[in-house]
Amino acid sequence: MSEIKVNNIQSLSGTNGPVISGTVEMNSTGAMSLPRGDTTYRGGRGRGLFMGGYVSPAQLNTIDYITIATLGNAKDFGDLTQVRSQAASFASSTRGLAAGGYSAPTYVNTIDYVTISSTGNAFDFGDMTFVHGGGIGGSNDTRGVFGGGTPASPYAGTDKLDYVNIASKGNASSFGSLTLARRNIAAFSSTTRVLFGGGTPGVSPNPTVNIIDYVTISTIGNAEDFGDLSATKRLMAGCSSNIRGLFGGGNPNTNVIEYVTIASLGDSIDFGDLTITRFETASLSSNVRGIWSGGSPSGTTATTIDYVTIASTGNAADFGDSTDSRVALFGCSDSHGGLG
């Protein structure tokens with residue numbers, strides 16, 4: 001028999017309780033109610049962050065947060081260590097990271113991190129192996145893989161990929177290469193794979209591609225071909241459950257959402273439409289919902305936040321509003337598809 005006479009038990013890290021073996025009995029003068037339903041809806045996890053971006057005439061260091069399972073407007077979380085747009089972002093169940101980006105007048109290799117369950121300003125994590133902006137990233141609960149983008153003027157794309165171990169701090173290491181050097185890519189992840197879609201490889205006249213490639217997170221090596229998007233696009237945003245990944249928006253200006261099954265190979269399939277046309281947008285997800293915020297719909301900027309249920313298909317619905325109207329922002333969450 002196990003007997004417990006304490007108010008609360010946690011591991012040393014504060015992330016979980018003990019494993020109790022044997023029969024457990026409880027004597028109480030009150031009633032005990034066990035939690036029900038998916039953990040995404042029970043608190044503790046299910047928070048999304050939108051970071052950085054650009055509102056004319058300058059970049060921002062703003063971090064906003066939302067509770068993904070609810071509806072409502074974004075709230076202030078804190079600030080990045082520097083103003084920046086076009087960074088690569090990804091997260092474990094506890095930490096959110098932002099790597100690289102454009103901090104006027106230059107591109108940077110700085111990696112920031114925050115503890116997602118709290119609020120407050122970001123801290124320095126380390127540096128990328130290269131300077132970039134317009135890249136993207138994905139992760140599982142252990143490792144983040146990120147890259148692509150452009151290292152500097154004249155804005156030609158790069159195929160470089162880096163990785164970090166999210167629980168530690170330190171500089172990134174080289175992971176491998178994309179199948180094609182490009183910038184303005186979208187990405188999402190399962191527990192085993194990161195997929196990279198679209199982008200633009202050239203300088204002028206800025207052609208776009210429909211390539212989808214993927215890497216296996218636990219390995220080190222070059223990306224492989226996954227399939228194709230329905231059209232050539234750049235400046236989309238991607239999000240996922242652990243089964244299905246979604247690409248939404250993009251330029252040429254579109255409100256299209258399309259999806260793939262991450263564990264397979266193949267071309268994307270139509271999912272539905274965002275509530276507005278948007279590009280230079282950001283996305284994040286739980287294992288249930290995909291969320292898009294910000295971006296530029298046909299020459300203006302958007303405060304609208306959209307959401308969809310990832311397991312279904314159909315058009316997005318209104319979630320709420322961001323704290324300001326910005327483009328080239330980036331997002332992550334503590335409950336995305338890469339975390340199971």
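Some values worked out for this structure:
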| read-out | value |
| --- | --- |
| Residue that is closer than 21 Å to Ser92 by Cα and β-branched (Val, Ile, Thr), where the choices are Val288, Val209, Val260 | Val288 |
| Any chance Thr261 is surrounded by 24 or more Cβ atoms within 10 Å (Cβ to Cβ), among the hydroxyl-bearing types (Ser, Thr, Tyr), without any contact (Cβ under 8 Å) to a residue 60 or more places away in the chain and more than 18 Å from Val145 (Cβ to Cβ) | no |
| Count of residues meeting criterion [over 12 Å from Ser89 (Cα atoms), of a type in the set (D, E, K, R) and under 18 Å from the mean Cα position of the chain (by Cα)] in region 104-152 | 2 |
| Neighbours by Cβ (under 7 Å, 6+ apart or cross-chain): first from region 314-340, farther than 20 Å from Thr142 by Cα and at pLDDT 95 or above; second part of a helix (DSSP H, G or I) and of a type in the set (A, V, I, L, M) | none |
| Members of region 225-282 that are of a type in the set (Gly, Ala, Ser) and assigned to a loop (DSSP other than H, G, I, E, B) | Ser241, Gly249, Gly250, Ala263, Ser264, Gly266, Ser268 |
| Residue that is surrounded by 22 or more Cβ atoms within 10 Å (Cβ to Cβ) and more than 17 Å from Arg234 (Cβ to Cβ), where the choices are Ala167, Ala98, Ala104 | Ala98 |
| Sole exception among (1) modelled with pLDDT under 95; (2) over 20 Å from Ala88 (Cα atoms) for Arg244, by number | (1) |
| So Ser230, is it touching a helix residue (DSSP H, G or I) at 6+ places or on another chain (Cβ under 7 Å) and in contact (Cβ under 8 Å) with a residue 24 or more places away in the chain | no |
| Long-range neighbours under 9 Å by Cβ, at least six apart or interchain, first residue more than 18 Å from Gln86 (Cα to Cα) and at pLDDT 95 or above within region 281-296, second assigned to a loop (DSSP other than H, G, I, E, B) and of a type in the set (Asp, Glu) | Ser286/Asp38; Ser286/Asp334; Asn287/Asp38; Val288/Asp38 |
| Subset of region 74-95 [small (Gly, Ala, Ser) and surrounded by fewer than 23 Cβ atoms within 10 Å (Cβ to Cβ)] | Gly78, Ser93 |
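The values are calculated or read from the model by the stated rules, or taken from the named source; none is laboratory data. Given the structure is predicted, the values throughout are model-derived calculations rather than measurements. All Cβ positions, glycine included, derive from the backbone under ideal geometry; neighbour counts span all protein chains shown.
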